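Participant: The structure that follows is given in the form of structure tokens.
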Amino acid sequence: MAHLLVIESWVGSMSRLLPRALGEGGHRFTFLTRDLHHYLRSAPAGGPHPLLAAENVLTADTNDPDALLPYAERMHAVLGFDGVLSSCDYYLPTVARVARRLGLPGPAPEAVTAACRKDLTRRALAGAGVPGPAYALCTDRAQAVAAARAIGFPLVVKPVDLCAGMLVRAVGDERELAAALQALEEFPVNARGQRRASVVLLEELLTGPEVSVETVSAGGTAHVVGITDKSVGGAPAFVETGHMFPAVLDPAEAASAAGTAVAALAALGLDQVVAHTEIKLTPAGPRVVEVNPRPAGNRITELVRRVTGVDLAAAAVDVALGRRPDLAVHATGVASAAIAFLVPDGEETGPLAGFDGETAVRRDPAVVELALAEPGREVRPATSNNEYLGHVMTADTVGAGARRAAEQLLGGLAPRFEAAEAAAGGIGGSGTTPAAGPAAGAPERAAAVPA
């Protein structure tokens, strides 16, 4: 039984998956955070709070590595850690630095930093000849305008250090470019209180289906667990609207996508890490969108587990301990698993009252997981992956029908709003909105769902 130091985490599903993996592996963990209330006020619905499983909860400034490293060293001397990990992108470089300082297993901090910073990723991949979009790094508006003219519209504007698609926008002209740059300037600090880099990434707008390659690297070898299908909507934003595992690809296309992801890991120098690499399958071949040095979010890990029996959260624990995970595929009786997200469509906003169709969807035997936002939630147009109102997960025991089933079930759900119900005298069902679909773009606001 090992003792792991967990430094911060996501508030979403990984906040449960990681403690579950630790418990099922027979391990103990100590949780370290700068703000315990961040987790208490955003506790996942249903069941006990996952932090109740922690043996210790420590508080230190996780945003100040110079103070955190000696603090972690002192705690290690008292408590004795065997590994360090996190599921939160904003703290992955810090975790790697702590592991190195304590002499524990882990990826190279330089490699993790390069993967977590999209500008450094682009430079490393370009230097290694790994295919990606044409791009430019810009530090001011004049430079961005000149770079946009060189790349050509339409193009993509990206912050180099945010997650969940926040403030990533497609722009079609200089006016839209200026608006996207202004939105970035108005968001100088991320959800964890860290000051953002001022550099902006402009990229060629890639066309074609998008997939993600799920890998586990240990001992210098990258193992491809599988490839996940991805659907994206919400233009001009990029909101993930659903996933299916495994992706339906011909063998040559799958091999090319997997090979590109493995090449990207090698270019960054990533090892001892579970990674989620997003790939665009363009007419000219696979192009890397980004490399995430942690297990996939948005419940993709659960899709993978249902189909293959491979637990990527448990694999992340193993590699943090310097162990080789068991990645053998086991028969699960599931041929495909899919998730479809309920995305606000922008037609109506305000406090949520509930959902029409919920009872029927819950009773449908195809549903393996249904999660819906609680009444009272403030609904706004979706501009990133932070504004979901819920999801439906399905599994197909025969073939690749899970996505179709998930999307059909999602179409049976329609959010109701308090204002509409009040106007109708509180009669449920009046004031419903159409089933959620791709979200209309809207300016990003700082009050996103806590990361």
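The values are calculated or read from the model by the stated rules, or taken from the named source; none is laboratory data. Worth saying up front: this structure is predicted, and the values here are computed from it rather than measured. A quick note on method: Cβ atoms are made from the backbone with ideal geometry, for glycine too, and the neighbour counts reach across all protein chains shown. Protein only, heavy atoms only, side chains kept; ligands, DNA and RNA dropped before computing areas. Shrake-Rupley method; radii C 1.70, N 1.55, O 1.52, S 1.80 Å.
Participant: Among the residues in segment 260-273, are any free of Cβ contacts under 8 Å to residues at least 60 places away in the same chain and not in a helix (DSSP H, G or I)?
Facilitator: The answer is no, given that none of the residues of segment 260-273 is free of Cβ contacts under 8 Å to residues at least 60 places away in the same chain and not in a helix (DSSP H, G or I).
Participant: Among the listed residues ALA21, ALA128, identify the single one that is crowded, with 21+ Cβ neighbours inside 10 Å, out of contact with any strand residue (DSSP E or B) (no Cβ under 9 Å at 6 or more places or on another chain), more than 23 Å from ARG192 (Cα to Cα) and in contact (Cβ under 8 Å) with a residue 24 or more places away in the chain.
Facilitator: Of the residues listed, the single one that is crowded, with 21+ Cβ neighbours inside 10 Å, out of contact with any strand residue (DSSP E or B) (no Cβ under 9 Å at 6 or more places or on another chain), more than 23 Å from ARG192 (Cα to Cα) and in contact (Cβ under 8 Å) with a residue 24 or more places away in the chain is ALA21.
Participant: Please state which one of VAL168, VAL145 is closer than 28 Å to SER87 by Cα and among the hydrophobic types (A, V, I, L, M, F, W, C).
Facilitator: When all the criteria are applied, what remains is VAL168.
Participant: Based on this model, can you work out whether ARG122 counts as in a loop (DSSP other than H, G, I, E, B) and surrounded by 15 or more Cβ atoms within 10 Å (Cβ to Cβ)?
Facilitator: no
Participant: For segment 199-225: of the residues being open to solvent by 10 Å² or more (accessible area, probe 1.4 Å) and under 19 Å from the mean Cα position of the chain (by Cα), which is nearest to GLU290 (Cα to Cα)?
Facilitator: Ranking the candidates gives GLU210 first.
Participant: Still on this model: Check whether at least one residue in segment 30-48 is modelled with pLDDT of 95 or more, more than 30 Å from LEU389 (Cα to Cα) and touching a strand residue (DSSP E or B) at 6+ places or on another chain (Cβ under 6 Å), and report yes or no.
Facilitator: yes
Participant: Ok, one more. Take the residues in segment 60-99 that are polar (S, T, N, Q) and more than 28 Å from GLU374 (Cβ to Cβ); name whichever of them is least open to solvent (accessible area, probe 1.4 Å). Can you show your working first?
Facilitator: Pass one, segment 60-99, residues polar (S, T, N, Q): 62-63, 86-87, 94.
This time we only want the ones that are more than 28 Å from GLU374 (Cβ to Cβ), so: 62-63, 94.
Details: THR62: 1, ASN63: 45, THR94: 19 Å².
Per the stated criteria, the residue is THR62.
Participant: Working carefully through the options LEU352, LEU370, find the one that is part of a strand (DSSP E or B) and more than 24 Å from MET14 (Cα to Cα).
Facilitator: Among LEU352, LEU370, only LEU352 is part of a strand (DSSP E or B) and more than 24 Å from MET14 (Cα to Cα).
Participant: Listed residues ALA337, ALA331, ALA284, ALA264; which is open to solvent by less than 30 Å² (accessible area, probe 1.4 Å), among the small types (Gly, Ala, Ser) and either touching a His at 6+ places or on another chain (Cβ under 8 Å) or over 24 Å from GLN408 (Cα atoms) (or both)? Outline the logic, then answer.
Facilitator: Values: ALA337 fails: either touching a His at 6+ places or on another chain (Cβ under 8 Å) or over 24 Å from GLN408 (Cα atoms) (or both); ALA331 fails: open to solvent by less than 30 Å² (accessible area, probe 1.4 Å); ALA284 fails: open to solvent by less than 30 Å² (accessible area, probe 1.4 Å).
Criteria check complete, one pass: ALA264.
Participant: Kindly provide the set of residues from segment 294-320 that are buried (at least 21 other Cβ atoms within 10 Å of the Cβ) and farther than 30 Å from LEU389 by Cβ, ordered by number.
Facilitator: The answer is ALA315, VAL317, ASP318, VAL319, ALA320.
Participant: Pick from segment 403-419 the residues that are surrounded by 18 or more Cβ atoms within 10 Å (Cβ to Cβ) and more than 10 Å from ASP356 (Cβ to Cβ): which of them is modelled with the lowest pLDDT?
Facilitator: Selected residue: PHE417.
Participant: Here's another thing I want to ask about it. Within segment 226-257, how many residues are open to solvent by 60 Å² or more (accessible area, probe 1.4 Å), of a type in the set (A, V, I, L, M, F, W, C) and more than 18 Å from the chain's Cα centre (by Cα)?
Facilitator: Total satisfying the criteria: 4.
Participant: For segment 1-83, which fully contained strands (runs of 3 or more DSSP E) count at least 1 residues that are under 22 Å from the mean Cα position of the chain (by Cα) and at negative phi? It would help to see each step written out before you state the result.
Facilitator: Details: elements: 3-7, 28-33, 56-59.
Per the criteria, 3-7, 28-33.
Participant: Testing ARG380 on (1) modelled with pLDDT of 95 or more; (2) surrounded by fewer than 21 Cβ atoms within 10 Å (Cβ to Cβ); (3) touching a helix residue (DSSP H, G or I) at 6+ places or on another chain (Cβ under 8 Å), one condition comes back false. Which one is that?
Facilitator: (1)
Participant: Among the candidates VAL367, VAL361, which residue alone is in contact (Cβ under 8 Å) with a residue 40 or more places away in the chain and either in contact with a Ser or Thr (Cβ under 9 Å, 6 or more places away or on another chain) or surrounded by fewer than 16 Cβ atoms within 10 Å (Cβ to Cβ) (or both)?
Facilitator: So the residue among VAL367, VAL361 that is in contact (Cβ under 8 Å) with a residue 40 or more places away in the chain and either in contact with a Ser or Thr (Cβ under 9 Å, 6 or more places away or on another chain) or surrounded by fewer than 16 Cβ atoms within 10 Å (Cβ to Cβ) (or both) is VAL367.
Participant: Still on this model: Being in a strand (DSSP E or B), in contact with a strand residue (DSSP E or B) (Cβ under 6 Å, 6 or more places away or on another chain), open to solvent by less than 10 Å² (accessible area, probe 1.4 Å) and touching a residue at least 12 places away in the same chain (Cβ under 8 Å) is the requirement here; does VAL291 meet it?
Facilitator: When the stated conditions are applied, VAL291 passes them.
Participant: Here are GLY269, GLY333, GLY309: which of them is modelled with pLDDT of 95 or more and farther than 23 Å from PRO251 by Cα? Walk me through how you get there before you give the answer.
Facilitator: On the way: GLY333 fails: farther than 23 Å from PRO251 by Cα; GLY309 fails: farther than 23 Å from PRO251 by Cα.
Criteria check complete, one pass: GLY269.
Participant: Follow-up. For segment 152-175, which positions are open to solvent by 50 Å² or more (accessible area, probe 1.4 Å) and over 26 Å from the mean Cα position of the chain (by Cα)?
Facilitator: Answer for segment 152-175, where residues must be open to solvent by 50 Å² or more (accessible area, probe 1.4 Å) and over 26 Å from the mean Cα position of the chain (by Cα): PHE153, ASP173, GLU174, ARG175.
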